[in-house]
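Student: A single structure is presented below for examination.
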Amino acid sequence: MLSGRPRGTSRDPGPGTRRGTGAEGAPPGVPERGGTGGPGGGAGPLIVTGDGDLLDDLLRLCAAAGAEPEVVFGAPPGPRSWERAPLVLVGAADTRRLSGTARRRGVLLVGRDLDDPDVWRRAVDVGADHVAFLPDAESWLTDRIADAAEGVGDPALTIGVVGGSGGAGASTLACALAVTAARTGRRTVLVDADPLGGGLDVLLGAERVAGLRWPDLAESRGRVNSGALEESLPRAHALSVLSWDRGDTVVVPPQAMRSVMGAARRRGGVVVVDLPRRMDEAVTEALAQTDVGLLVVPAELRAVAAAGRVASRMGMVLRDLRAVVRGPFASGLTDAAVADLVGLPLAGELPAEPGLPASLDGGEPPGSGVRGPLARFCTAFLAAALPSLPSGGSVTA
């Protein structure tokens, strides 16, 4: 990675290996975690260098990323360390130490001199994926170290659900999608981004389950450790839920939304976000990390008119926004006609489900059953979005 011109170096107050100190900007209540696990799940990087100043800087970046590195100072790395490390950081002047090592992915060459004409040749010689120049690339490199320490793979499929009008049933659909995804064995996080919605933990029957809520995370900044966050959230029905407490806090700063959403997505699986109809900076941050949005539109004229305004605002940020049309249908309206009126592609239809209120009153969360229109829609939508899931029907793209 090429990142600007060097502007000098930033030194830590002294050399030495230090244990990782958790996520940069970790919010109050989220436990700090060092990078001491096995490969792909908490292992720290391997540092190969004979440059004490560079080692100081790399140790500092590892500490900021919550990773505990293994250091090979002034010697070639052993085969076991070389093969097991999720990431290898090699000093730009130390490539000769890798003579005879097998080629592998995840090797980064780290230097300071952007004008060094030989650095690119040395990068090719060792099969480096990237060349990073300090101090300009510090933020990028810290993120790569943290990703390796957390065992990060593909980000989660993130589904945003919003009501086209009041009482459209967006929270019910969001909860049902999350419960359905969790039932397939996928890692699932349900995020309640609507402070005035009554609380998704209530829909799940988890309002008394211990764990962090949004007010505990309002001061989150920078990179939040995804594993630590998930361990701190309430669990119910095989999924993690981030909702609100019963206090008066109704605002999430945009920086906190960005950090928490990023952490929720990094470990893969499915993230479902219940979004409010209003647009503010925090909602914009959530939409920026959303892959597909579902606008729930009741099939009656006033709701369609309101949904058109919501679609117009949301569509400025979220490219893939689709309509879910909920029955019963007013005379003359069809699901395709409603989607056309709000100017969105049709994701599917949700016919009226008479037994749903009684199920909710009985403590069964939406999506807990496998029959009925809501269950069929969720199964079909997730099967289309995640082809490895068992198919339950078709979803209009």
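Student: With a 1.4 Å probe and all protein chains left in place, how much of the accessible area of the chain comes from carbon and sulfur atoms, in whole percent?
Tutor: Heavy-atom surface of the chain belonging to carbon and sulfur, 1.4 Å probe: 50 percent.
Student: Continuing with the same structure: Might you tell me the accessible area per residue for the range 153-211, computed with a 1.4 Å probe and given in Å²?
Tutor: I get 33 Å² per residue for this part.
Student: Only four residue types carry charge here, +1 at the Cβ of Lys and Arg and -1 at the Cβ of Asp and Glu. Report the dipole size of the chain about the Cα centre in Debye, rounded to the nearest 20.
Tutor: Dipole about the Cα centre, nearest 20: 620 debye.
Student: Just to be sure I understand the model, the point goes 7 Å from the Cα along the line to the Cβ. What's the resulting ALA358 to ASP280 distance in nm?
Tutor: For ALA358 paired with ASP280, the spin-label model returns 4.0 nm.
Student: What accessible area per residue, rounded to a whole number of Å², is obtained for the range 253-355 using a probe radius of 1.4 Å?
Tutor: 42 Å²
Student: Obtain the nm distance between the two label points defined at ALA75 and ASP115 by a simple spin-label model: each point lies 7 Å from its Cα along the Cα-to-C-beta direction.
Tutor: Distance between the two pseudo-spin positions: 3.7 nm.
Student: Under 1.5 on a/c is rounded, so check that first for the range 308-347, then, if it is not, pick prolate when a/b is larger than b/c and oblate when it is not; a ≥ b ≥ c are the square roots of the alpha carbon gyration tensor eigenvalues.
Tutor: prolate
Student: Further, regarding this structure: Can you tell me the length gained on complete extension of the stretch ARG103 to ASP53, counting 0.36 nm per residue apart and subtracting the Cα distance?
Tutor: Roughly 15.3 nm would be gained on extension.
Student: For the chain, set up a Gaussian network in which alpha carbons nearer than 10 Å are linked by springs, and say which option among GLY269, GLY78, GLY106 fluctuates the most.
Tutor: GLY78
Student: Right, another one. Towards the positive end of the charge dipole of the chain, with charges on Cβ (+1 Lys, Arg; -1 Asp, Glu), say which of ALA299, PRO79, VAL272 has the farthest Cα.
Tutor: Looking along the dipole axis, the top candidate is PRO79.
Student: Which one of ARG371, ARG183, ARG235 has the biggest mean-square fluctuation once the chain is modelled by GNM with Cα springs under 10 Å?
Tutor: Sorting by GNM fluctuation, first place goes to ARG371.
Student: Residues of the range 81-137: accessible area per residue at 1.4 Å, in Å²?
Tutor: 49 Å²
Student: With angles folded into 0 to 90 degrees, how steeply does helix 170-183 sit against the dominant principal axis of the chain? Use alpha carbons for both and round to 10.
Tutor: 60 degrees
Student: Still on this structure, please answer the following. Given points 7 Å out from each Cα along the Cα-Cβ axis, report the ARG302 to ARG84 separation in nanometres with one decimal.
Tutor: Placing both labels 7 Å along Cα→Cβ, they lie 6.6 nm apart.
Student: Here is a further query. Work from the charge dipole of the chain (Cβ charges, +1 for Lys and Arg, -1 for Asp and Glu, about the Cα centre) and give the residue of GLY372, ILE47, ALA339 farthest towards its positive end.
Tutor: Value computed over the given set: GLY372.
Student: What angle do you read, to the nearest 10 degrees and between 0 and 90, between the alpha-carbon axis of helix 373-385 and the longest principal axis of the chain?
Tutor: Relative to the chain, helix 373-385 is tipped by roughly 30 degrees.
Student: Okay, moving on. Write out the trypsin sites (Lys or Arg not before Pro) in the range 35-120 meeting two conditions: DSSP loop, and at most 12 other Cβ atoms within 10 Å of their Cβ.
Tutor: ARG103, ARG105
Student: Follow-up question, since we're still on this one. For a Förster distance of 41 Å, can you work out the FRET efficiency between the beta-carbons of THR334 and ALA288, rounded to the nearest 0.05?
Tutor: The pair THR334/ALA288 has a calculated efficiency of 0.80.
The values are calculated or read from the model by the stated rules, or taken from the named source; none is laboratory data. If you're wondering where the values come from, they're calculated on a predicted model, not measured in any experiment. We place every Cβ from the backbone using ideal geometry, glycine too, and count neighbours over all the protein chains shown. Quick note on the areas: whole protein, heavy atoms, side chains included, nothing else; ligands and nucleic acids left out. Shrake-Rupley method; radii C 1.70, N 1.55, O 1.52, S 1.80 Å.
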